[in-house]
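Q: For reference, the structure I am asking about is given below.
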Amino acid sequence: MNTEVKAVHFTLRDDGREYLDRKIARIPNAENMIVDLLITLTKEAKDFSAEAKVNFRWGVSVHLKETDFELNPAIDKLMGKLDAKIIKEKEKAKDVNEKERSAEKRDTTFTG
């Protein structure tokens, strides 16, 4: 999994990066499902926004965004949303694979 983190309008300190890395490491099976994880943390006038662009190995790309008055809660919200999205996308991919397999089984009937 390729991970890229950008900080806009502020400098992300080492403790903030370590916090984010710990959160990313807790995502179940992220290495197996995600090709690219691009995170942008932005300091706005009164709050922080945390955005993620995720490219899954089966070709789906999603964009998520969360905001909060502090950086760590914004990261927490984003990671919670990302975790839920990964589960949803994994189920979708599993359903598609099952439908393809059942269609293949129907197509292999003997004609003769």
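The values are calculated or read from the model by the stated rules, or taken from the named source; none is laboratory data. What you see is a predicted model; the values in this text were computed from it and never measured. Using ideal geometry, Cβ is built from the backbone for each residue, glycine included, and neighbour counts are taken over all protein chains shown.
Q: Kindly establish whether Lys65 is over 17 Å from Glu31 (Cβ atoms) and surrounded by fewer than 16 Cβ atoms within 10 Å (Cβ to Cβ).
A: On the way: over 17 Å from Glu31 (Cβ atoms): yes; surrounded by fewer than 16 Cβ atoms within 10 Å (Cβ to Cβ): yes.
The answer is yes for Lys65.
Q: Being among the β-branched types (Val, Ile, Thr) and either in contact with a Ser or Thr (Cβ under 7 Å, 6 or more places away or on another chain) or modelled with pLDDT under 95 (or both) is the filter here; which residues of region 28-61 pass it? Give the steps one after another, and end with the answer.
A: Step one: filter region 28-61 for residues among the β-branched types (Val, Ile, Thr), giving 34-35, 39-40, 42, 54, 60.
Selection gives Ile34, Val35, Thr42, Val54, Val60.
Q: Within region 82-112, how many residues turn out to be at pLDDT below 80 and loosely packed, with under 11 Cβ neighbours inside 10 Å? Let's see the steps before the verdict.
A: Going residue by residue through region 82-112, those that are at pLDDT below 80 are 93-112.
Within this subset, residues satisfying the condition of being loosely packed, with under 11 Cβ neighbours inside 10 Å are 94-95, 98-112.
Total meeting the criteria: 17.
Q: May I pose another question? Those residues that are free of Cβ contacts under 8 Å to residues at least 40 places away in the same chain, in a strand (DSSP E or B) and within 12 Å of the chain's Cα centre (by Cα), I need them from region 5-47; list them, please.
A: Passing the criteria: Val35, Asp36, Leu37, Leu38, Ile39.
Q: Give region 48-71 a look and list any residue that's assigned to a loop (DSSP other than H, G, I, E, B) and not β-branched (Val, Ile, Thr), or say none. Spell out the reasoning first.
A: In the first step, residues of region 48-71 are kept if they are assigned to a loop (DSSP other than H, G, I, E, B); the result is 57-60, 69-70.
Correct list: Arg57, Trp58, Gly59, Phe69, Glu70.
Q: Going by what's in this entry, would Phe48 be described as touching a strand residue (DSSP E or B) at 6+ places or on another chain (Cβ under 9 Å) and buried (at least 16 other Cβ atoms within 10 Å of the Cβ)?
A: Numbers: touching a strand residue (DSSP E or B) at 6+ places or on another chain (Cβ under 9 Å): yes; buried (at least 16 other Cβ atoms within 10 Å of the Cβ): yes.
When the stated conditions are applied, Phe48 passes them.
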